[in-house]
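Undergrad: My questions all concern the structure below.
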Amino acid sequence: MSTRSPVLSVFLALVVLAALVPVIVLTARAPDASAAADRDYVSFSPVRGGFTLAAHGKAAPLFVSGDDFPGVVRVVDDLRDDVERVTGVRPTVSTGTPSSGEVVLVGTVGRSTLVDGLVAAGKLDVDRIRGKWETSLQQVVENPVPGVRRALVIAGSDQRGTIFGVYDVSRRIGVSPWHYFDDVPARKHSALYVRPGSHTQGTPAVKYRGVFINDENPSTGQWARATFGPGLAPGQEGGLNHRYYEKVFEVMLRLKANYLWPAVWGRAFAEDDPLNHATATRYGVVMGTSHEAPMMRGIEEWKRNPTRYGGTGEWSFLRNATAVRDYWADGIKRMEREKVEGVVTLGMRGEGDTSLPDGDGVELMRDIIASQRQILDRESGTPLAEIPQVFTLYKEVQRYWDRGLRPPDDVTVVFADDNWGNMRKVPDPSLPARAGGYGLYYHFDYVGGGRNYKWVDTINLANTREQLDLSYESGIDRLWVVNVGDLKNEEAPTQFFLDYAWNPDAIPAEGIEDWTRKYAAQNFGDRAAPAIAEVLHTYGQLQARRKPEATNRRYTRGATGAITTDDAMTPYSIENYGELDRVTAEWEELAAKAEAVGRTLPAADRDAYYQLVLYATKATANLYALRKAQFLNRWYASQGRAATNDLAATAEARLADDVAMSNHYNTTLAGGKWTGWQTQTKIGYGDKARYGNNASWQEPPAPDRIYPALHRITVPATAEMGVAIDGSLDWWPHATEQPVLPEFSPYQTSPAQYIEVFNRGTTPFDYRVAPSVPWLNGASGTVTKQARVTLEVDWAEAPAGRTTVPITVTGAGRTVTVQAVVDKPTTPKTGFVEAGGYVSIEADHHTRAVAGNGVSWSHLPDIGRTGSGMRPSPVTAADQTPGGNGARLEYQVDLHTTGPVTVWAYLSPRNNVRPGAGVEYAVSLDDQAPQTVNTTTATGSDDTAMNKGWEMNTLEAVNRTSTTFTVSSPGVHTLKFWAVDPTAVLQKLVIDTGGLEYSYLGPPESHRVTPRAAG
């Protein structure tokens, strides 16, 4: 029996009365999701027929039914606070019945007496949202009930539909989802209006969309302990308690996320704070557990008391099954008892994110899943097929799937990336559809090989979008969860991930810059958005080249394919193509731009700007400057340069700058709010002597120290000349072979060649650089420590053909002769021109993109380390046979070298996600037969074993493979890149004609000559 409240009786009577009064009802159809996302229904100036949310120092009161979902009742308070943040006016909130003026009505269809009354009276059309998942509308309704002139109705198809509808209003009026986690101030407006009609953000494309708080020490752990501890009851502790999770749940819901894997390392969500589960229910968040934590229980709960359920205490289904089953059963009982809306993880992994100690037999895993399903069926009051369940194919678990294990049809199978943003597998299209569908587990943060990356955002959104597109188009749309580490520090990629999960069609490959501009406007306003978006866009490109933590590791692949690592080397070339100088300069230029943009912002925005833009940009640029000084210091020390100790001092100054930025973050920023946040180490990786063997990938446990170590030398007083040249790490007269500079060409694009004269003593000396011809410049002067002479050819005066020019370098009683090879072509050039012994081409700079057999080409802006990429389209197409009229990219090149040449293809480091032997492409030159390359086997990259080949490819963000062709004659040729596997993403092509030298990014793109049009 139920008793109708007096308030409800009055309201229903008013509804009936209102139904007898003739009114005009606006029932405009909601736009499609893709269109609605761009339709801004909020205005800051009056609109005809619109609703006044706030104006003239007053705000419309907010009404919500007390019998609605707890999450809906709660979120109305946030809307109240948000209106006040924007306008300075605080609306009232009521669970009563409106009777006058203009009001906001918030409620869920089928749950809210307010909303259902309007629907029954014909005032509100909810057909377009009724019964849908998490769908909302915002509609202006005239005369909704007697006495009320106009209402803004925010209605949802279910609890989260209503919550998302409310937070959509909040975002559009000017409140960022990151207002707490990054201190983003609300965009101030004196008045707020809502346009007439009905508005919707559509239904999410992915049902469950969420984040995994992981690797949360030291940053979150230290900060949360200090922030959420004061004022707790005796016996309660600060840290990741319900106060912390309130902030996490709020930002999740503001981002339209609905699903959380809570932090795991040393933490147990349900036990650490008994209010955690209740808080999730109060906010309306769906709880899950990570891939290693089955049956709604974190593995920490077992580790704290492994004999709680008797048995041996071993986390083994073979040897301790009764205790393990009882442990799991308690997890499901708790979920039922506390009425937790959850997604249950099935399967089992070893304790501590490892493989099972029981082995990886398929029958064993079948038994585990069957046992878990029996427990679910027994302990849950819900039919088994209606309980959301997942089986996550993370790391070694994927082998079960590969060997034929298929969980029950209602279980969602979750495919994982390789921890570095590259999917390992997608559903085989030949398999029948699953009732439980497929999910995705992705990473923006990782602890493991080849190296941890936890410090700052290192994500290129173009790469993320391409892999999410592959997944969605392959049928992965039931559940997406991303490892965000601390969450804070991964704001932009997290929001992008969730926006894409909501509506993939709204963010095409060419639309990432537009998304970034809107993200910047959300946090800093329209005026500053373009400049900030440009900084963020460039930041993502530069950062994704190499994780900051790995800027002191170089991989080398030997002639036999064996891979070695050196944690005392820069991956960027010091001597070739000006690479180390160039990448450091790019970072320093970006940091300078970021600082300049920051100075234009109002003071109120600067704390948020420091957190969302400036710190990561400036601190990474500082790290690159430190690395440059560090590795030049070590090189200079080997040559006895007088400047050696100066560079040691520079590196130490950059470390001090890093510490100062961290201290500012931890003590001053936002009034000291982020105490202990910037404590993540990132510089001392690889120091095995100090930290042991794990130091090659695991973070240093102590405050950052510079590794490899700096060198200081004793510099004698006597002047002594040394000579170094572009393209070499040697120095003269110490080296025995004659110094030869890289080839000069009018078509070269590498930085100009140089000779560096340096002092090995403290007494200055005079020097002279004297070429033997007048059309090559020289120089003279006095060297205190060192002087660089940049060499330039006067091409109008230089003779045609190939000329060798001796350059005499004298100083401090020594003479060194350097040879300059100058090549001035005698014939006109067309296309990409060979110079310096190579041709380098960015993938999207093709002469022609040819479609064939239903396959065309997708342009992927800025997905590469040095430019954009190209991928066959659609990504779900069958493998193609190269040759004939097949899909291909054609590049016109002009070569003067004949004989054998090597073509290097730089591809994104994709794994073999489809049935087949590996990721393949093909290359041909002119009419020579296409050569097919299997990038997976050619580089020895095994994502299932996560071996050295995989490690090198993922950390370097590229897969480099080669083919060899014979050039029979000089002149114009056509290089063709053929589509084979549609998941292959081409970044760059380099033809080595005999002069290609080592560099991390490959040589700069070659000069391109485009023939003038006739007439």
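Undergrad: Could you please give the count of residues in region 341-366 that are surrounded by fewer than 21 Cβ atoms within 10 Å (Cβ to Cβ), part of a loop (DSSP other than H, G, I, E, B) and of a type outside the set (S, T, N, Q)?
TA: Result for region 341-366: 9.
Undergrad: Could you check how many residues of region 238-263 are surrounded by fewer than 22 Cβ atoms within 10 Å (Cβ to Cβ) and among the small types (Gly, Ala, Ser)?
TA: Qualifying residue count, region 238-263: 1.
Undergrad: Output the residues belonging to region 733-773 that are surrounded by fewer than 22 Cβ atoms within 10 Å (Cβ to Cβ) and hydrophobic (A, V, I, L, M, F, W, C).
TA: Correct list: Ala735, Val740, Leu741, Ala752, Phe765, Ala770, Val773.
Undergrad: Find all pairs meeting these conditions: Cβ atoms under 6 angstrom apart; at least six residues apart or on different chains; first residue within region 280-291 and of a type in the set (A, V, I, L, M); second residue part of a helix (DSSP H, G or I).
TA: From residues that are of a type in the set (A, V, I, L, M), the pairs are Val285/Phe249; Met287/Ala280.
Undergrad: Give me the residue from region 394-440 that is buried (at least 23 other Cβ atoms within 10 Å of the Cβ) and out of contact with any helix residue (DSSP H, G or I) (no Cβ under 9 Å at 6 or more places or on another chain) and, out of that set, farthest from Tyr472 (Cα to Cα).
TA: Thr412
Undergrad: Residues of region 848-867 being among the polar types (S, T, N, Q) and either surrounded by fewer than 19 Cβ atoms within 10 Å (Cβ to Cβ) or without any contact (Cβ under 8 Å) to a residue 12 or more places away in the chain (or both), which ones?
TA: The answer is Asn853, Ser856.
Undergrad: In region 378-469, which strands (runs of 3 or more DSSP E) lie fully inside it and hold 3 or more residues that are at pLDDT 95 or above, closer than 29 Å to Glu549 by Cβ and under 28 Å from the mean Cα position of the chain (by Cα)?
TA: Output list reads 412-416, 438-443.
Undergrad: If you don't mind, another one. Filter region 141-171 for residues that are part of a loop (DSSP other than H, G, I, E, B) and either at negative phi or not assigned by TED's automatic domain parsing to the domain that holds Asp77 (or both) and give the result.
TA: Answer for region 141-171, where residues must be part of a loop (DSSP other than H, G, I, E, B) and either at negative phi or not assigned by TED's automatic domain parsing to the domain that holds Asp77 (or both): Pro144, Val145, Pro146, Ser157, Asp158.
Undergrad: Can you tell which of Thr966, Thr936 is under 29 Å from Gly727 (Cα atoms) and assigned by TED's automatic domain parsing to the domain that holds Asp862?
TA: Result: Thr966 is the single residue among Thr966, Thr936 that is under 29 Å from Gly727 (Cα atoms) and assigned by TED's automatic domain parsing to the domain that holds Asp862.
Undergrad: While we're here: Identify, by number, the condition in (1) touching a strand residue (DSSP E or B) at 6+ places or on another chain (Cβ under 8 Å); (2) in contact (Cβ under 8 Å) with a residue 40 or more places away in the chain that Arg434 doesn't meet.
TA: Evaluating Arg434 over (1) touching a strand residue (DSSP E or B) at 6+ places or on another chain (Cβ under 8 Å); (2) in contact (Cβ under 8 Å) with a residue 40 or more places away in the chain leaves (2) as the failure.
Undergrad: Further question on the same structure: Do you know which residues across region 714-731 are buried (at least 17 other Cβ atoms within 10 Å of the Cβ) and farther than 24 Å from Tyr572 by Cβ?
TA: Val715, Ala719, Glu720, Met721 - these are the residues of region 714-731 that are buried (at least 17 other Cβ atoms within 10 Å of the Cβ) and farther than 24 Å from Tyr572 by Cβ.
Undergrad: Which ones in region 739-781 are more than 15 Å from Thr803 (Cβ to Cβ) and among the hydroxyl-bearing types (Ser, Thr, Tyr)?
TA: Tyr747, Thr749, Ser750, Tyr754, Thr762, Thr763, Tyr767, Ser780 - these are the residues of region 739-781 that are more than 15 Å from Thr803 (Cβ to Cβ) and among the hydroxyl-bearing types (Ser, Thr, Tyr).
Undergrad: Anything in region 502-529 that is within 15 Å of Asp605 (Cβ to Cβ) and part of a helix (DSSP H, G or I)? List them, or say none.
TA: Tyr519, Ala520, Ala521, Gln522, Asn523, Phe524, Ala529
Undergrad: Still on this model: Taking Val972 as meeting all but one of (1) surrounded by fewer than 20 Cβ atoms within 10 Å (Cβ to Cβ); (2) outside any strand (DSSP E or B), write down the number of the exception.
TA: Checking Val972 against (1) surrounded by fewer than 20 Cβ atoms within 10 Å (Cβ to Cβ); (2) outside any strand (DSSP E or B), the one that fails is (2).
Undergrad: Return the residue satisfying two criteria in turn: it lies in region 914-937 and is among the aliphatic types (A, V, I, L, M) and modelled with pLDDT of 95 or more, and of such residues it is farthest from Gly864 (Cα to Cα).
TA: Out of the qualifying residues, it is Ala929.
Undergrad: In a loop (DSSP other than H, G, I, E, B), modelled with pLDDT of 95 or more and of a type outside the set (Gly, Ala, Ser): which single residue out of Glu314, Glu336 fits that description?
TA: Glu314
Undergrad: Restricting attention to helices (runs of 4 or more DSSP H) lying wholly within region 578-676, give those where 2 or more residues are within 27 Å of the chain's Cα centre (by Cα) and farther than 18 Å from Asp183 by Cα.
TA: Hits in region 578-676: 579-599, 615-639, 644-663.
Undergrad: Something else now. Six or more apart or on different chains, Cβ under 8 Å: which pairs go from a residue in region 131-146 that's farther than 18 Å from Asn258 by Cα to one that's part of a strand (DSSP E or B) and basic (Lys, Arg)? Could you list them?
TA: Val140/Arg150; Val141/Arg150; Glu142/Arg149; Glu142/Arg150; Asn143/Arg149; Asn143/Arg150; Pro144/Arg150
Undergrad: Hey, among Thr279, Thr307, which residue is out of contact with any Pro (no Cβ under 7 Å at 6 or more places or on another chain), part of a loop (DSSP other than H, G, I, E, B) and not assigned by TED's automatic domain parsing to the domain that holds Gly71?
TA: The match here is Thr307.
Undergrad: May I pose another question? Criterion first (surrounded by fewer than 22 Cβ atoms within 10 Å (Cβ to Cβ) and either within 22 Å of Thr866 (Cα to Cα) or not hydroxyl-bearing (Ser, Thr, Tyr) (or both)) does Ile507 satisfy it?
TA: yes
Undergrad: Only one residue in Val484, Val447 is in contact (Cβ under 8 Å) with a residue 24 or more places away in the chain and surrounded by 23 or more Cβ atoms within 10 Å (Cβ to Cβ), so which one is that?
TA: Residue meeting the stated conditions: Val484.
Undergrad: Out of curiosity, is Leu232 over 23 Å from the mean Cα position of the chain (by Cα), surrounded by fewer than 23 Cβ atoms within 10 Å (Cβ to Cβ) and either at positive phi or outside any helix (DSSP H, G or I) (or both)?
TA: yes
Undergrad: Give, as residue ranges, the helices (runs of 4 or more DSSP H) completely inside region 1-92 that count at least 2 residues that are closer than 22 Å to Arg282 by Cβ and at pLDDT 95 or above.
TA: Fully inside region 1-92 and qualifying: 70-87.
Undergrad: Further question on the same structure: Any chance region 716-733 includes a residue that's within 30 Å of Thr954 (Cβ to Cβ) and either hydrophobic (A, V, I, L, M, F, W, C) or at pLDDT below 95 (or both)?
TA: yes
Undergrad: Which of the residues spanning region 677-705 are more than 27 Å from the chain's Cα centre (by Cα), crowded, with 18+ Cβ neighbours inside 10 Å and assigned to a loop (DSSP other than H, G, I, E, B)?
TA: Asp687
Undergrad: Working carefully through the options Leu79, Leu53, find the one that is within 34 Å of the chain's Cα centre (by Cα) and crowded, with 19+ Cβ neighbours inside 10 Å.
TA: The conditions single out Leu79.
The values are calculated or read from the model by the stated rules, or taken from the named source; none is laboratory data. Just so you know, these numbers come straight off a predicted model, no measurement behind them. Every residue, glycine among them, receives a Cβ derived from its backbone with ideal geometry; neighbour counts consider all protein chains shown.
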